[in-house]
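K.L.:
Before I ask anything, let me first share the structure, which is written out below as structure tokens.
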Amino acid sequence: MNLRTLTKRIFLLDAHYPRSIIASIILCTIFFLWKIPDLEIDPGLRSIVPADHKIVLNMELAEDLFSGNEIVIIAVESEDLLSEPTLTKFSFLHDSLENMPAISRVASIYNQRYIVPDDGGFEIQKLLEKIPSDSIGIANLIETIYTSEVIGNLISVDMNIMCFVAQITASTDFDEIEFREKLYSIVKNFEGPEKIHLASPVISSAESIDSVKRDMRTFTPLALGLMILLLILSFRSWTGTFLPLFVVSFSILWTFGLMAWLDISVPIIGGLIPIMLIAIANNYGIHIISHYYEFSKIDQNLSRTEILKRTMNRLGMPIFLAGITTVISFMSLMTHELSKVREIGLLVSFGIAVSFLLSLFLIPAILILVPRPTYLGKENSLQLVNKFLVNWGKFFVRNRTPFLAILFVGMFLFSFGIRDITIDTVPDHFFPKDSKIRKASRVINQTFGGATQLNILIEGDIYDPLSLQHIDKLMDHIEEKNKAVSSTYSIADVIKKMHYSFNNGNIDSLKIPSSRELIEQYMFLYSIAGEDNDFDLILNDTDDPSFTQSFVRIKKVSTVDLMALVDDTEDYIHSNYYDGIPIKPMLAGPAALLGAVSHLVIRGQIISLAIAAVIIFIIMSIVFRSFIGGILASLPMSLAVLLIFGLLGNFGIPLNMTTSLLTCVLVGVGVDYSVHFLWHLREHIREGNELEQAITNTLKVSGKGILFNGISVIVGFSVLMYSVFMPLKAFSVLIMASIGFCLIGGLAILPAMVSLIDPAFIRK
């Protein structure tokens, strides 16, 4: 059974059983609608990365052995920071933070202990034994601060800012939204003349999720409203307005219902799903209605059934091709290594497939039942659109050589910007520079060396001097090699400090002792003078540890720096810590996760784009039975992809998880315009038209559908320009520019190219 036969059978179903089809679709919609209230927003960055990725596995191991992988820093800024009232006030903040269930411990000047030399050994002293009540006490506190090595870690150089470093208990199944809300409610109680800044990847992720929620609530109805307005202006009828809208609405409901039934949470970038469906899912319905109206005007005496029959005969194949290519484009995301991007690919593919099927069944079924629009035989503004499209096509056909020469030279020059493409997956950078979260990050990065850390989980005989030397060597390499690193902390630092103090502060003793027995003795002495939980973050067992955790604080949080740090550290580990070395270092923590995400974004972008482009080229070549036909059908889309990458590089727009979806949207949607133009052009030539007249007729009959489709996609995505979530804003601008280019491709580039080369396949 060929496609034309299938189209005829679908039409027969529509013609004979319209009410049954409509009722069935309504019942399916109720089925999917039933579960939508159970949908949840995915709270974590970790779920984006595959569960079997080594970084995720390392983080899970670290959480089993220690408190967690992530920290949050609360910085308090005051010109009178070390006064009795201020210190007293924020001592209660310290206590409140420690009482949060999600926080295992808090480091601040209130509980900080440090090692000092003592006769025959060392002593553990508390930084702040009691809050000073006079100038002498404050002066003594300042002196102690200078000797305790907390400047730049817990208090600023000018002593106007102090921070609380809170260790989050765990990140597995961690509700970042709930954590942020509880933290904000605590901090709010201490707001006053002092400035309070909060920074953490956890906080940034929670803000991202909130932004997505707000955008879904705000922009989805706005996009629908703009779509209604556009359809009213385009078709000037209730059926032309609401039938595509029904398709879009049902597609969204079915897609989110499927998510709920499959227990798939909405990812951070899930806010794009309804916007993409609003922008894309109405394409097939617009073409059907546009041709239905066109055939209605040609012969006023035709019945609705006959008009619809002609419409479906003319559109069956191009709509099928447009639908299958769009679905394939999004299905290519299933090859992506980021799990949430794969889910986006699956869900949008499903939504597009639903819209395609509903356009073939629901719209014709309703058109069979409702009266023809009464205005169709009258002069109206749509005739101006026809005239514009015809004159437009004639202009580019007549000036094809200079137009194409300027186009290809311009695209070649513009493509040089590809060399300057950057990548940015840092959550802080998803917000405007003047946002509260960016300001807080700047203060904390500049003052305390950052709120993002790289965790290094190390397995081995930790108290072995050789193991400690290797740990110390690794930390030294990281700090010396990477400018983005502000500080490192490991069990080796603690042992070196003990050895130094035990030897009365002899600088030559600031090293790892050569005796295991001495190391164990130091730890025993510390256990007597210190607190039970002092080593919870860095040792899994103080008596006989088999794992330790080291920390790298990062002051310059950019994706490039994070990737360089992670890559350099991994390379150093692979080069130096195998084949008989007593320790096994493993990367974990938020910095390692962000580095992994960045690599996966790049690889996923390349692979999914290549797969989609190759498959679509093959399909087009088969459909038109011509290699040249495949090239021409893919040309506008290919140039638009080149345009996107040029825009990314030339205008400094970073590639991230959201913008990495651009090319799939573009490939899927952009090729539709080429399919409709080339297919209908061939139909007109088969009817006996000369090439130029066939181009004119194609633009006159099919051009409106192509134009309305392109404009609807642009309008649908335009609402995202007003998002405060920077990736969505960038996505909006880029997709509008590229779809606009594809529109020009279908209405100008292809007519010019076809008239220039007169390919043989259009005459077959």
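Each value in this text was obtained by applying a stated rule to the coordinates, not by laboratory testing. Please read these numbers as outputs of a predicted model, since none were measured by experiment. Here Cβ is always computed from backbone atoms with ideal geometry, including for glycine, and neighbour counts include all displayed protein chains.
K.L.:
Once fully extended, how much extra length lies between Leu33 and Ala564, figured as 0.36 nm per residue of separation less the alpha-carbon to alpha-carbon distance? It would help to have the intermediate numbers written out before the result.
P.N.:
Details: separation 531, 0.36 × 531 = 191.16 nm, distance 4.62 nm.
Going from the current span to full extension adds 186.5 nm.
K.L.:
Label Ile602 and Leu61 with points 7 Å out from Cα along Cα→Cβ: what is the distance between them in nm?
P.N.:
2.5
K.L.:
Enumerate the amide H contacts of Ile71 below 5 Å, restricted to partners 5 or more residues apart or on another chain; note that Pro and chain-start residues carry no placed amide H.
P.N.:
HN-HN under 5 Å from Ile71: Ile168.
K.L.:
Additional query: Round to the nearest 10 and give me the degree value, 0 to 90, for the angle of helix 54-65's Cα axis relative to the longest principal axis of the chain.
P.N.:
40
K.L.:
When the Karplus curve 6.51 cos²θ - 1.76 cosθ + 1.60 is applied with θ = phi - 60°, which whole-Hz ³J(HN,Hα) does each residue of segment 682-696 get, with x for Gly and Pro?
P.N.:
With the stated coefficients, segment 682-696 comes to 5, 4, 5, 5, 5, 7, x, 6, 5, 4, 5, 5, 5, 4, 4 Hz.
K.L.:
Just need the relative contact order of segment 512-619 here, percent rounded to a whole number, with Cα pairs under 8 Å and 6+ apart. Don't skip to the answer; put the middle values down first.
P.N.:
On the way: 35 pairs, mean separation 18.4, N = 108.
About 17 percent, as a whole number.
K.L.:
Another question, if that's okay. Given the C-alpha centroids of segment 574-607 and segment 283-349, what is the distance between them in whole angstrom?
P.N.:
43
K.L.:
Based on the Kirkwood radius over alpha-carbon pairs, what is the Stokes-Einstein translational diffusion coefficient of segment 421-496 at 37 °C with 0.692 mPa s viscosity, in µm²/s? Intermediate values should be presented prior to the final figure.
P.N.:
On the way: Rh = 14.9 Å.
Calculated translational D: 220 µm²/s.
K.L.:
Could you order the peptides 338-349, 483-494, 136-147, 177-188 from most to least packed, using the average number of other C-beta atoms within 10 Å per residue? Don't skip to the answer; put the middle values down first.
P.N.:
Values: 338-349: 22.7, 483-494: 19.8, 136-147: 14.0, 177-188: 15.8.
Order by mean packing, descending: 338-349, 483-494, 177-188, 136-147.
K.L.:
Then there is this: Once you have the Cα-Cα distance between Ile232 and Thr147, take 0.36 nm times their residue separation minus that, and quote the gain in nm to one decimal. Before the final figure, lay out each step's value.
P.N.:
Values: separation 85, 0.36 × 85 = 30.60 nm, distance 7.42 nm.
Length difference between fully extended and current span is 23.2 nm.
K.L.:
For the chain, what does the helix formula give at 222 nm: sum of -39500 (n - 2.57) over DSSP H segments with n ≥ 4, over the residue count, nearest 500 deg cm²/dmol?
P.N.:
Details: 26 runs with 471 residues, N = 764.
Result for the chain: -21000 deg cm²/dmol, rounded to the nearest 500.
K.L.:
Moving to a separate point now. Tell me, how many Å apart are the Cα centres for segment 173-234 and for segment 488-534?
P.N.:
If you average the Cα positions of each part, the centres end up 46 Å apart.
K.L.:
For segment 700-747 and segment 441-465, compute the distance between their C-alpha centroids and round to whole Å.
P.N.:
So the separation of the two Cα centres works out to 45 Å.
K.L.:
Then there's this: Would you grab the residues whose amide H sits under 5 Å from the one on Asn504? Only those 5+ places off in sequence or on another chain, please, with H modelled 1.01 Å from N.
P.N.:
Asp118
K.L.:
What do you get for the angle between helix 559-576 and the principal long axis of the chain? Use alpha-carbon atoms, 0 to 90 degrees, nearest ten.
P.N.:
Tilt relative to the chain: about 60 degrees.
K.L.:
Separate question: Would you mind classifying segment 65-117 by shape? Square roots of the alpha carbon gyration tensor eigenvalues, ordered a ≥ b ≥ c; an a/c under 1.5 is rounded, otherwise it is prolate if a/b is larger than b/c and oblate if not. Numbers along the way, then the final one.
P.N.:
Working: a/c = 2.20, a/b = 1.40, b/c = 1.57.
Judged from the Cα gyration tensor, segment 65-117 comes out oblate (a/c at least 1.5, b/c at or above a/b).
K.L.:
With θ taken as phi - 60° and the coefficients 6.51, -1.76 and 1.60, list the Karplus ³J(HN,Hα) couplings across segment 222-235 in order, rounded to whole Hz; mark glycine and proline as x.
P.N.:
Going residue by residue, I get 5, 4, 4, x, 5, 5, 4, 4, 5, 5, 4, 5, 7, 10 Hz, with x marking Gly and Pro.
K.L.:
Let me ask something additional. So which of Lys89/Lys496; Lys130/Lys188; Lys130/Lys555; Lys182/Lys439 end up more than 30 Å apart by C-alpha?
P.N.:
Details: Lys89/Lys496 36 Å; Lys130/Lys188 25 Å; Lys130/Lys555 32 Å; Lys182/Lys439 21 Å.
Distance filter (> 30 Å) returns Lys89/Lys496; Lys130/Lys555.
K.L.:
How tilted is helix 176-188 with respect to the longest principal axis of the chain? Cα atoms for both, answer in degrees (0 to 90, nearest 10).
P.N.:
For 176-188 against the chain, the angle is about 50 degrees.
K.L.:
In whole Å, what three semi-axes, largest first, describe the equivalent ellipsoid of segment 524-628 built from its Cα gyration tensor (square root of 5 times each eigenvalue)? Spell out each step's value before the answer.
P.N.:
Working: eigenvalues 490, 47, 32 Å².
They are 50, 15, 13 Å, listed from largest to smallest.
K.L.:
Tell me, what does the Kirkwood hydrodynamic radius of segment 235-327 come to in angstroms if you use every pair of distinct C-alpha atoms? If you can, show how the numbers build up before the last one.
P.N.:
On the way: mean 1/r = 0.0665 Å⁻¹.
When all Cα pairs of segment 235-327 are included, the Kirkwood radius is 15.0 Å.
K.L.:
Here is a further query. Note the direction-averaged projected area, equal to a quarter of the hull surface, for the Cα convex hull of segment 664-737, in nm².
P.N.:
Details: hull surface 20.7 nm².
Mean projected area of the Cα convex hull: 5.2 nm².
K.L.:
For segment 440-543, which semi-axes, largest first and in whole Å, follow from the square roots of 5 times the eigenvalues of its Cα gyration tensor?
P.N.:
26, 16, 15
K.L.:
So which chymotrypsin sites (Phe, Trp or Tyr not before Pro) in segment 522-607 pass both tests, a DSSP loop state and at most 14 other Cβ atoms within 10 Å of the Cβ? All intermediate terms of the calculation are to be shown ahead of the outcome.
P.N.:
On the way: sites: Tyr522, Phe524, Tyr526, Phe535, Phe547, Phe551, Tyr572, Tyr577, Tyr578; in loops: Phe535, Tyr577, Tyr578.
Qualifying residues, ordered by number: Tyr578.
K.L.:
Something else about it: With θ taken as phi - 60° and the coefficients 6.51, -1.76 and 1.60, list the Karplus ³J(HN,Hα) couplings across segment 93-105 in order, rounded to whole Hz; mark glycine and proline as x.
P.N.:
5, 4, 5, 5, 5, 5, 7, 6, x, 7, 10, 7, 7
K.L.:
How large is the Kirkwood hydrodynamic radius of segment 294-378, counting all unique pairs of alpha carbons, in Å?
P.N.:
On the way: mean 1/r = 0.0667 Å⁻¹.
Taking the inverse mean of 1/r over all distinct Cα pairs, segment 294-378 comes out at 15.0 Å.
K.L.:
Between Leu13 and Glu129, what is 0.36 nm times their sequence separation minus the Cα-Cα distance? Round to one decimal in nm. Spell out each step's value before the answer.
P.N.:
Details: separation 116, 0.36 × 116 = 41.76 nm, distance 8.44 nm.
That pair, Leu13 and Glu129, stretches by 33.3 nm at full extension.
K.L.:
Pairs of alpha-carbon atoms within less than 8 angstrom and 6+ residues apart define the contacts here; what relative contact order does the chain have, in percent?
P.N.:
Working: 1256 pairs, mean separation 152.7, N = 764.
Across the chain, relative contact order equals 20 percent.
K.L.:
Ranked by Cβ crowding within 10 angstrom, fewest neighbours first, how are Ser96, Ser509, Ser290 ordered? Mind showing how you got there, number by number?
P.N.:
Details: Ser96 19, Ser509 16, Ser290 25.
Neighbour counts put them in this order, fewest first: Ser509, Ser96, Ser290.
K.L.:
In segment 70-159, which trypsin sites (Lys or Arg not before Pro) are in a loop and have at most 11 other Cβ atoms within 10 Å, using DSSP for the loop call?
P.N.:
On the way: sites: Lys89, Arg105, Arg113, Lys126, Lys130; in loops: Lys130.
Passing sites in segment 70-159 are Lys130.
K.L.:
Taking every eigenvalue of the Cα gyration tensor of segment 91-148, multiplying by 5 and rooting it, what semi-axes result, largest first, whole Å?
P.N.:
Numbers: eigenvalues 118, 64, 11 Å².
Gyration-tensor ellipsoid for segment 91-148: 24, 18, 7 Å.
K.L.:
What do you get for GluC sites (Glu not before Pro) in segment 63-120 restricted to DSSP loop and a cutoff of at most 15 other Cβ within 10 Å of the site's Cβ? List each step's numbers first, then the result.
P.N.:
Values: sites: Glu63, Glu70, Glu77, Glu79, Glu98; in loops: Glu70, Glu79.
Loop-located and lightly packed - Glu79.
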